[in-house]
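Worksheet for the structure shown next.
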Amino acid sequence: MFQLQKNVNLQALSTFHLPAQAAFYGELTDEKQLPEICALPEFNQQTVLWLGGGSNVLFLDDFPYLIIKLANKGIREIARENGKVLIQAAAGEVWHDFVQHTLSLGLSGLENLSLIPGTVGASPVQNIGAYGVEVKDRIHSIRCFDLEKQTFIKLSNADCAFAYRDSFFKRAGKKRYVIVAVTFVLDETFVANIRYGDVAKVLAEQVGEREITAQDVANAVCSIRRNKLPNPNEIGNVGSFYHNPIVSREQADALLQTFPEMPHYPLADGRVKLAAGWLIDQCGLKGKSIGGAAVHEKQALILINKNNQASAADLIALSDYVVQTVAQRFAVTLQPEPNWLPE
Ligand code: EPU
(Lines give C-alpha, C1' and ligand atoms only; values in the text may rest on other atoms or scores of the structure.)
Protein backbone atom coordinates (compact mmCIF):
# COMPACT_ATOMS: atom_id res chain seq x y z
CA MET A 1 0.00 0.00 0.00
CA PHE A 2 1.25 3.49 -0.83
CA GLN A 3 2.46 5.18 2.37
CA LEU A 4 1.75 8.83 3.20
CA GLN A 5 3.25 10.84 6.03
CA LYS A 6 1.48 13.73 7.75
CA ASN A 7 2.89 17.18 8.67
CA VAL A 8 6.24 16.74 6.95
CA ASN A 9 8.95 19.39 7.30
CA LEU A 10 9.75 20.82 3.85
CA GLN A 11 12.97 22.62 4.75
CA ALA A 12 15.20 19.79 3.52
CA LEU A 13 12.96 19.07 0.53
CA SER A 14 13.46 22.43 -1.15
CA THR A 15 16.81 24.05 -1.85
CA PHE A 16 15.88 27.51 -0.50
CA HIS A 17 15.13 25.84 2.87
CA LEU A 18 12.25 28.08 3.97
CA PRO A 19 10.47 26.78 7.08
CA ALA A 20 7.18 25.10 6.07
CA GLN A 21 5.28 21.82 6.40
CA ALA A 22 3.30 19.66 3.99
CA ALA A 23 -0.04 18.33 5.22
CA PHE A 24 0.57 15.00 3.40
CA TYR A 25 3.71 13.68 1.73
CA GLY A 26 4.68 10.50 -0.10
CA GLU A 27 7.49 9.28 -2.36
CA LEU A 28 6.77 7.59 -5.66
CA THR A 29 9.41 4.93 -6.31
CA ASP A 30 7.67 3.17 -9.20
CA GLU A 31 5.42 4.67 -11.89
CA LYS A 32 3.01 1.76 -11.31
CA GLN A 33 2.02 3.46 -8.02
CA LEU A 34 0.33 6.33 -9.89
CA PRO A 35 -3.20 4.87 -10.18
CA GLU A 36 -3.10 4.00 -6.47
CA ILE A 37 -1.93 7.54 -5.59
CA CYS A 38 -4.76 9.04 -7.65
CA ALA A 39 -7.28 6.94 -5.71
CA LEU A 40 -6.12 8.17 -2.28
CA PRO A 41 -8.65 10.30 -0.37
CA GLU A 42 -5.92 12.96 0.09
CA PHE A 43 -5.39 13.20 -3.70
CA ASN A 44 -6.79 16.09 -5.71
CA GLN A 45 -5.53 16.64 -9.27
CA GLN A 46 -5.79 20.43 -8.93
CA THR A 47 -3.89 20.80 -5.65
CA VAL A 48 -1.37 17.92 -5.59
CA LEU A 49 2.24 19.00 -5.98
CA TRP A 50 4.57 16.72 -7.95
CA LEU A 51 7.98 17.51 -6.50
CA GLY A 52 11.43 16.85 -7.96
CA GLY A 53 14.61 18.10 -6.30
CA GLY A 54 12.89 21.18 -4.85
CA SER A 55 15.30 23.51 -6.63
CA ASN A 56 12.64 25.59 -8.36
CA VAL A 57 10.00 25.90 -5.66
CA LEU A 58 9.59 28.30 -2.74
CA PHE A 59 7.38 27.21 0.13
CA LEU A 60 6.20 30.58 1.41
CA ASP A 61 3.74 28.97 3.82
CA ASP A 62 2.63 25.54 4.97
CA PHE A 63 1.43 23.45 2.03
CA PRO A 64 -2.07 22.30 3.01
CA TYR A 65 -2.40 19.51 0.43
CA LEU A 66 -0.60 16.40 -0.79
CA ILE A 67 2.99 16.42 -2.09
CA ILE A 68 4.34 13.48 -4.08
CA LYS A 69 8.08 13.43 -4.62
CA LEU A 70 9.10 11.69 -7.84
CA ALA A 71 11.80 9.29 -6.60
CA ASN A 72 11.67 6.57 -9.26
CA LYS A 73 15.09 5.52 -10.55
CA GLY A 74 16.52 3.78 -13.60
CA ILE A 75 18.58 4.55 -16.70
CA ARG A 76 18.56 2.41 -19.83
CA GLU A 77 19.63 2.49 -23.44
CA ILE A 78 16.67 2.41 -25.83
CA ALA A 79 18.36 2.44 -29.25
CA ARG A 80 21.64 3.15 -31.01
CA GLU A 81 21.92 4.12 -34.67
CA ASN A 82 24.16 6.27 -36.89
CA GLY A 83 26.15 7.68 -33.98
CA LYS A 84 23.03 8.67 -32.03
CA VAL A 85 22.03 6.94 -28.79
CA LEU A 86 18.64 7.15 -27.10
CA ILE A 87 18.90 6.95 -23.30
CA GLN A 88 15.87 6.92 -21.05
CA ALA A 89 16.13 8.07 -17.44
CA ALA A 90 13.46 7.90 -14.76
CA ALA A 91 12.11 11.21 -13.43
CA GLY A 92 13.61 10.74 -9.95
CA GLU A 93 17.22 10.46 -11.14
CA VAL A 94 19.36 13.35 -9.87
CA TRP A 95 20.16 15.52 -12.90
CA HIS A 96 23.90 15.99 -12.36
CA ASP A 97 24.47 12.29 -11.53
CA PHE A 98 22.64 11.38 -14.73
CA VAL A 99 24.80 13.77 -16.79
CA GLN A 100 27.94 12.25 -15.26
CA HIS A 101 26.62 8.75 -16.00
CA THR A 102 26.09 9.58 -19.70
CA LEU A 103 29.66 10.92 -19.86
CA SER A 104 30.99 7.73 -18.27
CA LEU A 105 29.20 5.79 -21.04
CA GLY A 106 31.19 7.86 -23.57
CA LEU A 107 28.11 9.83 -24.67
CA SER A 108 28.05 13.58 -25.16
CA GLY A 109 25.43 16.30 -25.47
CA LEU A 110 24.58 17.10 -21.85
CA GLU A 111 28.04 18.20 -20.64
CA ASN A 112 27.20 21.95 -20.73
CA LEU A 113 24.28 21.26 -18.38
CA SER A 114 26.50 19.83 -15.63
CA LEU A 115 25.83 20.67 -11.98
CA ILE A 116 22.34 22.10 -12.53
CA PRO A 117 20.42 21.21 -9.36
CA GLY A 118 17.22 19.15 -9.60
CA THR A 119 15.99 15.95 -11.17
CA VAL A 120 15.65 14.49 -14.66
CA GLY A 121 11.85 14.71 -14.49
CA ALA A 122 11.90 18.43 -13.73
CA SER A 123 14.40 19.29 -16.45
CA PRO A 124 11.88 19.63 -19.33
CA VAL A 125 9.33 21.63 -17.33
CA GLN A 126 11.26 24.86 -17.47
CA ASN A 127 13.60 23.66 -20.23
CA ILE A 128 16.75 24.05 -18.13
CA GLY A 129 19.62 25.69 -19.95
CA ALA A 130 23.17 26.84 -19.41
CA TYR A 131 26.31 27.71 -21.35
CA GLY A 132 24.66 27.74 -24.77
CA VAL A 133 22.64 24.51 -24.46
CA GLU A 134 19.01 23.96 -23.51
CA VAL A 135 17.76 20.54 -22.51
CA LYS A 136 15.21 20.70 -25.36
CA ASP A 137 18.14 20.32 -27.78
CA ARG A 138 18.62 16.78 -26.39
CA ILE A 139 15.11 15.64 -25.50
CA HIS A 140 13.73 12.96 -27.80
CA SER A 141 10.45 12.18 -26.01
CA ILE A 142 8.83 12.18 -22.59
CA ARG A 143 6.87 9.44 -20.88
CA CYS A 144 3.97 10.90 -18.87
CA PHE A 145 1.01 9.74 -16.87
CA ASP A 146 -2.18 11.43 -18.05
CA LEU A 147 -4.13 12.13 -14.85
CA GLU A 148 -7.37 12.66 -16.75
CA LYS A 149 -7.29 9.46 -18.81
CA GLN A 150 -5.31 7.51 -16.18
CA THR A 151 -2.94 6.13 -18.83
CA PHE A 152 0.72 6.47 -19.77
CA ILE A 153 1.48 8.38 -22.96
CA LYS A 154 4.55 9.45 -24.92
CA LEU A 155 5.00 13.10 -25.91
CA SER A 156 7.43 14.00 -28.69
CA ASN A 157 9.84 16.92 -28.44
CA ALA A 158 7.50 18.98 -30.69
CA ASP A 159 4.50 18.23 -28.43
CA CYS A 160 6.33 19.92 -25.55
CA ALA A 161 6.33 23.44 -27.12
CA PHE A 162 9.74 24.24 -25.65
CA ALA A 163 10.93 27.85 -25.43
CA TYR A 164 13.36 29.78 -23.22
CA ARG A 165 12.64 28.51 -19.66
CA ASP A 166 9.20 27.41 -20.84
CA SER A 167 7.25 24.37 -22.03
CA PHE A 168 3.82 22.79 -22.48
CA PHE A 169 4.15 21.49 -18.88
CA LYS A 170 3.97 25.06 -17.53
CA ARG A 171 0.98 25.88 -19.75
CA ALA A 172 -1.71 23.62 -21.31
CA GLY A 173 -0.20 20.45 -19.81
CA LYS A 174 0.01 21.82 -16.26
CA LYS A 175 -1.85 19.73 -13.66
CA ARG A 176 -2.66 17.06 -16.24
CA TYR A 177 0.58 15.21 -17.03
CA VAL A 178 3.09 13.73 -14.59
CA ILE A 179 6.53 13.25 -16.16
CA VAL A 180 7.76 9.77 -15.21
CA ALA A 181 10.76 9.38 -17.57
CA VAL A 182 12.64 11.34 -20.20
CA THR A 183 14.41 9.98 -23.29
CA PHE A 184 17.46 11.91 -24.47
CA VAL A 185 19.23 11.75 -27.82
CA LEU A 186 22.99 11.77 -27.26
CA ASP A 187 26.06 11.53 -29.49
CA GLU A 188 28.74 8.86 -29.71
CA THR A 189 31.10 11.42 -31.24
CA PHE A 190 31.78 14.57 -29.25
CA VAL A 191 31.41 17.99 -30.87
CA ALA A 192 32.34 20.81 -28.50
CA ASN A 193 29.94 23.69 -27.90
CA ILE A 194 32.12 26.14 -25.98
CA ARG A 195 31.28 29.55 -27.39
CA TYR A 196 29.39 30.74 -24.30
CA GLY A 197 31.04 33.10 -21.82
CA ASP A 198 34.15 31.84 -20.08
CA VAL A 199 33.88 28.18 -21.07
CA ALA A 200 36.62 28.23 -23.72
CA LYS A 201 38.96 30.25 -21.45
CA VAL A 202 38.53 27.96 -18.43
CA LEU A 203 38.94 24.90 -20.66
CA ALA A 204 42.20 26.24 -22.06
CA GLU A 205 43.49 26.77 -18.52
CA GLN A 206 42.46 23.28 -17.42
CA VAL A 207 43.30 21.24 -20.52
CA GLY A 208 46.14 23.09 -22.22
CA GLU A 209 47.04 21.83 -25.69
CA ARG A 210 45.50 18.36 -25.43
CA GLU A 211 42.36 17.55 -27.45
CA ILE A 212 39.30 18.24 -25.33
CA THR A 213 36.68 15.69 -24.30
CA ALA A 214 33.06 16.05 -23.20
CA GLN A 215 34.21 15.31 -19.64
CA ASP A 216 36.64 18.26 -19.89
CA VAL A 217 33.76 20.58 -20.86
CA ALA A 218 31.71 19.22 -17.95
CA ASN A 219 34.64 19.86 -15.59
CA ALA A 220 35.03 23.44 -16.89
CA VAL A 221 31.31 24.14 -16.50
CA CYS A 222 31.44 22.73 -12.95
CA SER A 223 34.39 25.04 -12.09
CA ILE A 224 32.57 28.10 -13.45
CA ARG A 225 29.37 27.25 -11.61
CA ARG A 226 31.18 26.44 -8.32
CA ASN A 227 32.94 29.77 -8.55
CA LYS A 228 29.83 31.88 -9.08
CA LEU A 229 26.85 29.96 -7.78
CA PRO A 230 26.29 29.01 -4.14
CA ASN A 231 25.96 25.29 -3.36
CA PRO A 232 22.33 24.86 -2.24
CA ASN A 233 23.43 22.23 0.32
CA GLU A 234 25.38 24.98 2.10
CA ILE A 235 23.50 28.20 1.28
CA GLY A 236 19.82 28.02 0.38
CA ASN A 237 19.00 29.23 -3.14
CA VAL A 238 17.00 28.27 -6.22
CA GLY A 239 19.54 29.20 -8.90
CA SER A 240 18.50 32.14 -11.05
CA PHE A 241 15.73 33.90 -9.18
CA TYR A 242 14.49 35.79 -12.25
CA HIS A 243 14.10 35.03 -15.93
CA ASN A 244 16.35 36.99 -18.20
CA PRO A 245 13.81 39.56 -19.47
CA ILE A 246 12.89 39.66 -23.14
CA VAL A 247 12.13 43.15 -24.48
CA SER A 248 11.30 44.71 -27.85
CA ARG A 249 14.11 45.77 -30.20
CA GLU A 250 13.02 49.40 -29.68
CA GLN A 251 13.26 49.17 -25.90
CA ALA A 252 16.66 47.46 -26.12
CA ASP A 253 17.94 50.16 -28.50
CA ALA A 254 16.71 52.93 -26.19
CA LEU A 255 18.43 51.31 -23.20
CA LEU A 256 21.64 50.81 -25.20
CA GLN A 257 21.75 54.56 -25.91
CA THR A 258 22.09 55.19 -22.18
CA PHE A 259 23.93 51.96 -21.25
CA PRO A 260 26.05 50.99 -24.29
CA GLU A 261 27.84 48.25 -22.34
CA MET A 262 24.58 46.43 -21.42
CA PRO A 263 24.75 42.69 -22.29
CA HIS A 264 22.01 41.86 -24.82
CA TYR A 265 21.23 38.82 -26.94
CA PRO A 266 19.06 39.30 -30.08
CA LEU A 267 16.51 36.49 -30.52
CA ALA A 268 15.31 34.93 -33.76
CA ASP A 269 11.89 36.62 -33.42
CA GLY A 270 13.44 40.12 -33.42
CA ARG A 271 13.12 40.70 -29.68
CA VAL A 272 16.13 41.02 -27.38
CA LYS A 273 17.02 39.09 -24.21
CA LEU A 274 18.71 41.11 -21.46
CA ALA A 275 20.76 39.82 -18.51
CA ALA A 276 18.73 40.17 -15.30
CA GLY A 277 21.92 39.68 -13.25
CA TRP A 278 23.56 42.65 -14.97
CA LEU A 279 20.50 44.88 -14.43
CA ILE A 280 20.39 44.00 -10.71
CA ASP A 281 24.16 44.40 -10.39
CA GLN A 282 24.02 47.87 -12.01
CA CYS A 283 21.56 48.94 -9.32
CA GLY A 284 24.29 48.20 -6.76
CA LEU A 285 22.25 45.41 -5.17
CA LYS A 286 24.91 42.70 -4.78
CA GLY A 287 24.94 41.80 -1.08
CA LYS A 288 21.72 43.73 -0.35
CA SER A 289 19.86 41.90 2.41
CA ILE A 290 16.52 42.02 4.16
CA GLY A 291 16.48 39.82 7.26
CA GLY A 292 17.99 36.48 6.28
CA ALA A 293 17.44 36.91 2.51
CA ALA A 294 20.19 38.47 0.40
CA VAL A 295 21.34 39.11 -3.15
CA HIS A 296 24.36 36.84 -3.75
CA GLU A 297 27.68 38.76 -3.68
CA LYS A 298 29.13 36.97 -6.72
CA GLN A 299 26.07 36.71 -8.99
CA ALA A 300 23.25 39.22 -8.63
CA LEU A 301 20.70 36.93 -10.33
CA ILE A 302 20.69 34.67 -7.29
CA LEU A 303 18.88 35.37 -4.05
CA ILE A 304 20.17 33.38 -1.08
CA ASN A 305 19.03 32.25 2.34
CA LYS A 306 22.09 33.72 4.10
CA ASN A 307 22.19 31.72 7.30
CA ASN A 308 19.31 29.39 6.46
CA GLN A 309 17.25 31.57 8.84
CA ALA A 310 15.36 33.60 6.20
CA SER A 311 11.61 33.83 6.53
CA ALA A 312 9.22 33.90 3.58
CA ALA A 313 8.48 37.55 4.47
CA ASP A 314 12.21 38.42 4.21
CA LEU A 315 12.42 36.84 0.78
CA ILE A 316 9.24 38.46 -0.55
CA ALA A 317 10.36 41.88 0.73
CA LEU A 318 13.80 41.48 -0.87
CA SER A 319 12.41 40.29 -4.19
CA ASP A 320 9.88 43.15 -4.28
CA TYR A 321 12.72 45.59 -3.57
CA VAL A 322 14.89 44.15 -6.37
CA VAL A 323 12.01 44.19 -8.89
CA GLN A 324 11.06 47.79 -8.01
CA THR A 325 14.64 49.07 -8.09
CA VAL A 326 15.32 47.53 -11.51
CA ALA A 327 11.96 48.80 -12.85
CA GLN A 328 12.73 52.36 -11.71
CA ARG A 329 16.18 52.40 -13.27
CA PHE A 330 15.59 50.48 -16.52
CA ALA A 331 11.78 50.31 -16.97
CA VAL A 332 12.11 46.50 -17.21
CA THR A 333 9.94 44.22 -15.08
CA LEU A 334 11.73 41.15 -13.78
CA GLN A 335 9.70 37.95 -13.52
CA PRO A 336 10.65 35.49 -10.78
CA GLU A 337 11.61 32.06 -12.12
CA PRO A 338 10.65 29.68 -9.25
CA ASN A 339 7.14 28.56 -8.34
CA TRP A 340 5.83 30.36 -5.27
CA LEU A 341 3.73 27.92 -3.23
CA PRO A 342 1.05 27.39 -2.11
CA GLU A 343 -0.49 29.05 -5.19
N1 EPU B 1 26.23 39.83 -15.02
C2 EPU B 1 26.68 40.89 -14.26
N3 EPU B 1 26.54 40.83 -12.92
C4 EPU B 1 25.98 39.77 -12.28
C5 EPU B 1 25.54 38.68 -13.06
C6 EPU B 1 25.68 38.74 -14.43
O7 EPU B 1 27.18 41.86 -14.78
O8 EPU B 1 25.89 39.80 -11.06
C9 EPU B 1 26.43 39.86 -16.48
C10 EPU B 1 27.55 38.92 -16.92
O11 EPU B 1 28.79 39.53 -16.86
C12 EPU B 1 27.13 38.58 -18.33
C13 EPU B 1 25.62 38.60 -18.26
O14 EPU B 1 25.27 39.36 -17.11
O15 EPU B 1 27.53 39.58 -19.21
C16 EPU B 1 25.01 37.23 -18.19
O17 EPU B 1 25.54 36.55 -17.06
P18 EPU B 1 25.85 34.97 -17.08
O19 EPU B 1 26.50 34.57 -18.33
O20 EPU B 1 26.51 34.64 -15.78
O21 EPU B 1 24.44 34.28 -17.13
P22 EPU B 1 23.06 34.67 -16.54
O23 EPU B 1 22.24 35.37 -17.57
O24 EPU B 1 23.28 35.39 -15.26
C25 EPU B 1 21.97 32.42 -17.34
C26 EPU B 1 21.04 31.38 -16.76
C27 EPU B 1 21.80 30.51 -15.76
C28 EPU B 1 22.94 29.81 -16.50
C29 EPU B 1 23.85 30.91 -17.12
C30 EPU B 1 24.95 30.32 -17.96
C31 EPU B 1 18.83 32.39 -16.77
C32 EPU B 1 17.73 33.01 -15.96
N33 EPU B 1 19.93 32.03 -16.10
O34 EPU B 1 22.40 33.23 -16.25
O35 EPU B 1 20.90 29.51 -15.30
O36 EPU B 1 23.69 28.99 -15.63
O37 EPU B 1 23.05 31.76 -17.97
O38 EPU B 1 24.40 29.85 -19.15
O39 EPU B 1 18.67 32.24 -17.98
C40 EPU B 1 19.41 28.95 -13.52
O41 EPU B 1 18.50 29.00 -14.35
O42 EPU B 1 19.18 28.67 -12.31
C43 EPU B 1 20.76 29.28 -13.93
C44 EPU B 1 21.75 29.38 -13.05
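The values are calculated or read from the model by the stated rules, or taken from the named source; none is laboratory data. Keep in mind it's a predicted model, so treat the numbers as computed, not measured. A quick note on method: Cβ atoms are made from the backbone with ideal geometry, for glycine too, and the neighbour counts reach across all protein chains shown. The protein model used for the area step is the full one, side chains on, heavy atoms only, and it has no ligands, DNA or RNA in it. Shrake-Rupley method; radii C 1.70, N 1.55, O 1.52, S 1.80 Å.
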- Message: Can you go through Glu111, Glu188 and tell me which one is open to solvent by less than 20 Å² (accessible area, probe 1.4 Å) and acidic (Asp, Glu)?
- Response: Glu111
- Message: For Ala12, only one of the following conditions fails: (1) open to solvent by 20 Å² or more (accessible area, probe 1.4 Å); (2) of a type in the set (A, V, I, L, M); (3) touching a residue at least 40 places away in the same chain (Cβ under 8 Å); (4) within 23 Å of His96 (Cα to Cα). What is its number?
- Response: (3)
- Message: Out of everything in the range 130-164 that is surrounded by 18 or more Cβ atoms within 10 Å (Cβ to Cβ) and among the aliphatic types (A, V, I, L, M), what residue ends up being nearest to the ligand (Cβ to nearest atom)?
- Response: Ala130
- Item | Filter result (out of contact with any Lys or Arg (no Cβ under 8 Å at 6 or more places or on another chain), in a strand (DSSP E or B) and without any contact (Cβ under 8 Å) to a residue 60 or more places away in the chain) within the range 133-152 | Glu134, Ile139, His140, Thr151
- Task: Answer yes if at least one residue in the range 29-47 is buried (at least 20 other Cβ atoms within 10 Å of the Cβ), outside the structural domain of Tyr177 (by TED's automatic domain parsing) and under 22 Å from the mean Cα position of the chain (by Cα), and no otherwise.
- Result: no
- Residue in the range 182-196 that is nearest to Ala71 (Cα to Cα), counting only those that are more than 16 Å from the ligand (Cβ to nearest atom) and among the hydrophobic types (A, V, I, L, M, F, W, C): Val182
- From the residues in the range 288-309 that are out of contact with any His (no Cβ under 8 Å at 6 or more places or on another chain) and open to solvent by less than 30 Å² (accessible area, probe 1.4 Å), which one is nearest to Asn231 (Cα to Cα)? His296
- Message: Being within 21 Å of the chain's Cα centre (by Cα) and either of a type in the set (Gly, Ala, Ser) or more than 12 Å from Phe241 (Cα to Cα) (or both) is the filter here; which residues of the range 317-332 pass it?
- Response: Ser319
- For Glu250, all conditions in the list (1) more than 14 Å from the ligand (Cβ to nearest atom); (2) of a type outside the set (S, T, N, Q); (3) closer than 21 Å to Gly106 by Cα; (4) out of contact with any helix residue (DSSP H, G or I) (no Cβ under 8 Å at 6 or more places or on another chain) hold save one; what is the number of the exception? (3)
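Kindly indicate whether Ile78 is farther than 28 Å from Glu234 by Cβ, in contact (Cβ under 8 Å) with a residue 40 or more places away in the chain, open to solvent by 70 Å² or more (accessible area, probe 1.4 Å) and assigned to a strand (DSSP E or B).
Yes, satisfied.
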- Task: Starting from the range 316-343, keep only residues that are in a helix (DSSP H, G or I), then list their pairs with residues that are of a type outside the set (A, V, I, L, M, F, W, C) and at pLDDT 95 or above whose Cβ atoms are within a distance under 6 Å, requiring at least 6 positions of separation or different chains.
- Result: Ala327/Thr333
- Message: Restricting to the range 95-130, name every residue that is in a loop (DSSP other than H, G, I, E, B) and within 19 Å of Val199 (Cβ to Cβ).
- Response: Gly109, Leu110, Ser114, Leu115, Ile116, Ile128
- Note on the structure: Within the range 81-94, the residues that are in a strand (DSSP E or B) and more than 21 Å from Ala130 (Cβ to Cβ) are Glu81, Lys84, Val85, Leu86, Gln88, Ala90
- Here are some residues: Ala90, Ala122, Ala130. Which one is assigned by TED's automatic domain parsing to the domain that holds Ala161, farther than 30 Å from Ile212 by Cβ and in contact (Cβ under 8 Å) with a residue 40 or more places away in the chain? Ala90
- Note on the structure: Within the range 133-181, residues more than 22 Å from Ala71 (Cα to Cα) and among the hydrophobic types (A, V, I, L, M, F, W, C) come out as Val133, Ala158, Cys160, Ala161, Phe162, Ala163, Phe168, Ala172
- Message: If a residue must be more than 8 Å from the ligand (Cβ to nearest atom) and either within 14 Å of His243 (Cα to Cα) or more than 22 Å from the chain's Cα centre (by Cα) (or both), how many such residues does the range 274-308 contain?
- Response: 13
